[in-house]
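What follows is one structure encoded as structure tokens, with my remarks underneath.
The values are calculated or read from the model by the stated rules, or taken from the named source; none is laboratory data. In this text the structure is predicted, and so the values were computed from the model without any measurement. Cβ coordinates were reconstructed from backbone atoms using ideal geometry, including for glycine residues, and neighbour counts include every protein chain displayed. Areas reflect the complete protein model, heavy atoms only, side chains present, ligands, DNA and RNA absent. Shrake-Rupley method; radii C 1.70, N 1.55, O 1.52, S 1.80 Å.
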Amino acid sequence: MAQRCLQALLVALVAFPVAGTKAAEAPVPEARVLDEFDDIAPWSAASSDGVMASVHEARGTQGGALVLEFDLSKTAGYAVAHRRLPVDLPPDYELAFWIRGEAGRNHLEIKFVDASGDNVWWYRRPDYHFSGDWQQLRIKKRQIEFAWGPTSDKTLHQLETVELVIAAGRDGGKGSVWFDQLTLKAIERPAVAAKPVARASSEEGKNVAAFALDERAATAWRSRRGDKAPTLDIDLQQVQEFGGIEIDWQRDLAATHYTIATSLDGAQWQTVRTVTAGNGARDSHLLPESEARYIRIAVLDASHQVAIADVHIRDLAFGASSNAFMAS
């Protein structure tokens, strides 16, 4: 384990965009729009003592958006925008909305209140970094926790009220946060996961891409000589959640400089890791709360052939915490 910890510490991580080619698209469940925020009349502001809060309309990603302006005024309080929004939730689901902000690091809390008004669930991001650019925030059912209330059933089945909360965190102070396009999508998971498929930019002889997924140390995908930018693409066959990726490089044919990118559709890619000092053997990458259908390992400026014995897609527990990562 000490060897793996050392390998993980030697991996340098810097994010930058990666271009990708279009792959076959997976069917995506249709999301139901709960609030487009074109009309903010149902929303109102509230706050704790000593805090100022207000809501107003502004331009969003599509049409209008809700803006929550606040001044926490050196208190430990909160500002909230809330509205009544009765919704019956499916057995499994994802809630999503677009967000941008001009604010310091404070706690972002999305609260869900049932019809009794006494039971509260929440999704909480402590000391959230608000970006000035629009970003979509996606919330899985498993990420919504019971906060307080008298109910014995701790699972959220129906919601009556939604609250968008900014609570005093590291920075406090004044700020503005924009919200747009609140959606709900039912999640349907197959009973049996399809087997992943690997493709590569090149292959040397019988050392094909599929060997990187066969869980056999004796076999490996090997790039062809002369391929200066070899890539290995993995298609999970459906969008899946995972907590990390481990790459077993074949000794003497490991890459020292490579990126890992993920994609939901094979068209839009996001670089999640850039390695500048890979040392061969096993490279372990903690990727908490990741979700993708496609994974791409792209070697940069290869000076020799590279070979991967196995790529391991680890479960959510692997990325749950640094302690879980080291113990796995």
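Taking the conditions (1) touching a Pro at 6+ places or on another chain (Cβ under 6 Å); (2) part of a loop (DSSP other than H, G, I, E, B); (3) among the acidic types (Asp, Glu) in turn, GLU160 satisfies each one other than (2). Exactly one residue out of ASP127, ASP133 is in a strand (DSSP E or B), under 22 Å from LYS174 (Cβ atoms) and within 21 Å of the chain's Cα centre (by Cα): that is ASP127. Residue check: ARG314 meets all listed conditions (1) among the charged types (D, E, K, R); (2) farther than 18 Å from ASN207 by Cα; (3) without any contact (Cβ under 8 Å) to a residue 40 or more places away in the chain but one, namely (3).
Out of ASP283, ASP248, ASP227, ASP235, one residue alone is farther than 30 Å from GLN136 by Cα, assigned to a strand (DSSP E or B) and open to solvent by less than 50 Å² (accessible area, probe 1.4 Å). It is ASP248.
If I filter the stretch 165-182 down to residues being in contact with a Leu (Cβ under 6 Å, 6 or more places away or on another chain) and part of a strand (DSSP E or B), which single residue comes out as most open to solvent (accessible area, probe 1.4 Å)? Checked the stretch 165-182; the qualifying residue most open to solvent (accessible area, probe 1.4 Å) is LEU182. Taken as a whole, the structure leaves ALA277 outside the set of residues that are at pLDDT below 95, in a loop (DSSP other than H, G, I, E, B) and closer than 29 Å to PRO90 by Cα.
So, in the stretch 286-325, exactly how many residues are among the polar types (S, T, N, Q), surrounded by fewer than 15 Cβ atoms within 10 Å (Cβ to Cβ) and modelled with pLDDT of 85 or more? Outline the logic, then answer.
Going residue by residue through the stretch 286-325, those that are among the polar types (S, T, N, Q) are 290, 303, 305, 321-323.
Next, only the ones that are surrounded by fewer than 15 Cβ atoms within 10 Å (Cβ to Cβ) stay: 303, 321-323.
Adding the requirement that they be modelled with pLDDT of 85 or more leaves 303.
So the answer is 1.
Take the stretch 249-265 and flag every residue that is within 12 Å of ARG296 (Cα to Cα) and modelled with pLDDT under 95.
The first filter runs over the stretch 249-265 and keeps only residues within 12 Å of ARG296 (Cα to Cα), leaving 258-264.
Residue satisfying the conditions is LEU264 alone.
Contact map, the stretch 42-70: first residue more than 18 Å from ARG100 (Cα to Cα), second residue at pLDDT below 95 and open to solvent by 50 Å² or more (accessible area, probe 1.4 Å), Cβ cut-off under 6 Å, separation 6 or more or different chains; pairs are GLY50/SER73.
For GLU102, indicate whether it is acidic (Asp, Glu), surrounded by 14 or more Cβ atoms within 10 Å (Cβ to Cβ) and farther than 25 Å from LEU156 by Cα.
Numbers: acidic (Asp, Glu): yes; surrounded by 14 or more Cβ atoms within 10 Å (Cβ to Cβ): yes; farther than 25 Å from LEU156 by Cα: yes.
Here the answer is yes, as GLU102 does meet what is asked.
Does the stretch 96-106 contain at least one residue that is assigned to a loop (DSSP other than H, G, I, E, B) and among the polar types (S, T, N, Q)? So far as the stretch 96-106 goes, no, none of its residues is assigned to a loop (DSSP other than H, G, I, E, B) and among the polar types (S, T, N, Q). Only residues that are in contact with a Ser or Thr (Cβ under 7 Å, 6 or more places away or on another chain) and assigned to a strand (DSSP E or B) were counted across the stretch 32-51, and they come to 4. GLN240 meets the stated requirement of being part of a strand (DSSP E or B) and farther than 30 Å from TRP43 by Cα. Taking the listed residues ALA76, ALA58, ALA115, the one that is farther than 22 Å from ALA168 by Cα and open to solvent by 50 Å² or more (accessible area, probe 1.4 Å) is ALA115, with no other qualifying. Of the residues ALA210, ALA194, ALA218, ALA198, which is out of contact with any Pro (no Cβ under 8 Å at 6 or more places or on another chain), part of a loop (DSSP other than H, G, I, E, B) and open to solvent by less than 70 Å² (accessible area, probe 1.4 Å)? Step by step, each of ALA210, ALA194, ALA218, ALA198 is checked, and only ALA194 is out of contact with any Pro (no Cβ under 8 Å at 6 or more places or on another chain), part of a loop (DSSP other than H, G, I, E, B) and open to solvent by less than 70 Å² (accessible area, probe 1.4 Å).
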